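Trainee: Got a structure for you, written out below as structure tokens; questions coming shortly.
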Amino acid sequence: SIDAVIFDLDGVITDTAHYHFLAWKQLAEEMGIHIDKEFNERLKGVSRMDSLELILQEGNRQEDFTLSEKEAMASKKNEHYCEFLKKLTPKDILPGIRDLISGIKADGLSIGLASVSMNAGTVLKALDLESVFDFCADASKISKSKPDPEIFLTACKGLAAIPNRSIGIEDAEAGVSAIKTAGMYAVGVGSTLKKADYLVNATEDLNWNEIKEAFQNWCLEN
Ligand code: G16
Ligand code: MG
């Protein structure tokens, strides 16, 4: 049986992944570093400061700044990002997510959130989804970002769910790795997530009955 379903936020529930990208791109360009959408895949699910390090590495600038300069850069990125967040409304919930949530709720299962974003609360509020989640594991509750399993294990614990009876849904490589290391069943959104146990191209393809059936087959094999 299933204990809980735990959602990633950025890129699964809403496309804030794109806003993170635009905000980083703005900052990177000010430093003469070029980043594209493909590079951005590596920033998904990665904490703010770790993302900055990856960008500086990309531009061979990682030795050029002090910690306090880096902190200033990270908060500048966050200011850009928060400007985008002001535009977020419930219409920005990705296709298929409401139906998926309804299906899970109809089965009486717990729903959790696993987002390393310090803005997760703001985003849920803007989407009017705060009441949907039985437990939110966010940046304040963990010390290691994805691919470390900590955030998914924290969510399981908060929901009193056993990891190998729980499903995680992710759009990022680092997130799928975190789910698998936690011992959970991984649903991947995005065709490149080869490590996922169950893969769809986009959120609109998430079908709760099909996921349940695939999970049950996985349980029989494991
Ligand atoms: C998200 C994004 C990352 C972002 C991180 C931290 O993680 O995917 O790109 O860097 O949060 O966000 P913030 O700067 O708002 O604290 P997740 O776990 O929701 O995918
Ligand atoms: Mg994500």
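Trainee: Tally Lys/Arg at +1 and Asp/Glu at -1 over every other residue whose Cβ is under 14 Å from the Cβ of T154; what's the total? Could the numbers behind the result be given before it?
Mentor: On the way: positive: K141, K144, K146, K157; negative: D8, D134, D138, D148, E150.
Net charge in that neighbourhood comes out at -1.
Trainee: If I build a Gaussian network model for the chain, linking alpha-carbon pairs within less than 10 angstrom, which residue out of A114, A17, A74 has the largest mean-square fluctuation?
Mentor: Sorting by GNM fluctuation, first place goes to A74.
Trainee: Ratio of alpha-carbon Rg to the 2.2 N^0.38 Å globular estimate for the stretch 68-185, to two decimals, please. Please list the in-between numbers first.
Mentor: Details: Rg = 15.2 Å, N = 118, 2.2 N^0.38 = 13.5 Å.
Dividing the Cα Rg of the stretch 68-185 by 2.2 N^0.38 Å gives 1.13.
Trainee: Using the Cα atoms of the stretch 27-129, I'd like the radius of gyration and the largest Cα-Cα distance, Dmax, both in angstrom.
Mentor: Gyration radius and largest Cα-Cα distance of the stretch 27-129: 17.1, 54 Å.
Trainee: When the chain is fully extended, how far beyond the present Cα-Cα distance does A74 get from T122, taking 0.36 nm per residue of separation?
Mentor: Values: separation 48, 0.36 × 48 = 17.28 nm, distance 1.79 nm.
Extra length from A74 to T122 when fully extended: 15.5 nm.
Trainee: Largest first and in whole Å, give the semi-axes of the stretch 1-80's equivalent ellipsoid, each being the square root of 5 times a Cα gyration tensor eigenvalue. Provide the component values of the computation, followed by the final result.
Mentor: Values: eigenvalues 144, 35, 27 Å².
Largest first, the stretch 1-80 gives 27, 13, 12 Å.
Trainee: At q = 0.13, 0.16, 0.19 Å⁻¹, what base-10 log of I(q)/I(0) does the Debye formula yield for the chain when every alpha carbon is treated as an equal point scatterer in vacuo?
Mentor: -0.72, -1.06, -1.44
Trainee: Where the centroid of each part is defined by its Cα atoms, how far is the stretch 167-221 from the stretch 114-153 in Å?
Mentor: With the stretch 167-221 and the stretch 114-153 each reduced to a Cα centre, they are spaced 18 Å.
Trainee: At 7 Å along the Cα-to-beta-carbon direction for both D64 and S140, put a label point, then send me their distance in nm to one decimal.
Mentor: For the pair D64/S140, the computed spacing is 3.6 nm.
Trainee: 7 Å from Cα along Cα→Cβ at both T89 and Q57: what's the point-to-point distance in nm?
Mentor: Simple spin-label model gives 4.0 nm for this pair.
Trainee: Another question, then. What do you get when you divide the Cα radius of gyration of the stretch 168-214 by 2.2 N^0.38 Å, with N the number of residues? Display every interim value, and only then the final one.
Mentor: On the way: Rg = 9.7 Å, N = 47, 2.2 N^0.38 = 9.5 Å.
Dividing the Cα Rg of the stretch 168-214 by 2.2 N^0.38 Å gives 1.02.
Trainee: While we're on this one: Anyone know which of L153, L193, L56 comes out most mobile in the 10 Å Cα GNM of the chain?
Mentor: The residue that fluctuates most here is L56.
Trainee: Just to check, using Stokes-Einstein with a Kirkwood Rh over alpha carbon pairs, what's the diffusion coefficient of the stretch 143-192 at 4 °C and 1.567 mPa s in µm²/s?
Mentor: For these conditions, the coefficient is 123 µm²/s.
Trainee: If you take every DSSP beta bridge fully contained in the chain, what fraction is antiparallel? Give it as a percent rounded to 5.
Mentor: Details: 1 of 20 bridges.
Rounded to the nearest five, the antiparallel share is 5 percent.
Trainee: Moving to a separate point now. Could you work out [θ]222 nm for the chain from helices alone, using -39500 (n - 2.57) per DSSP H run of at least four and dividing by all its residues? Round to the nearest 500 deg cm²/dmol.
Mentor: Working: 9 runs with 99 residues, N = 222.
Taking each H run of at least 4 residues, the total per residue is -13500 deg cm²/dmol.
Every read-out reported here was derived from the displayed coordinates using simple, explicitly stated rules and does not represent laboratory data. Bear in mind the structure is a predicted one, so any value in this text is a computation, not a measurement. As a convention, Cβ positions derive from the backbone with ideal geometry for all residues, glycine included, and neighbour counts pool all protein chains shown.
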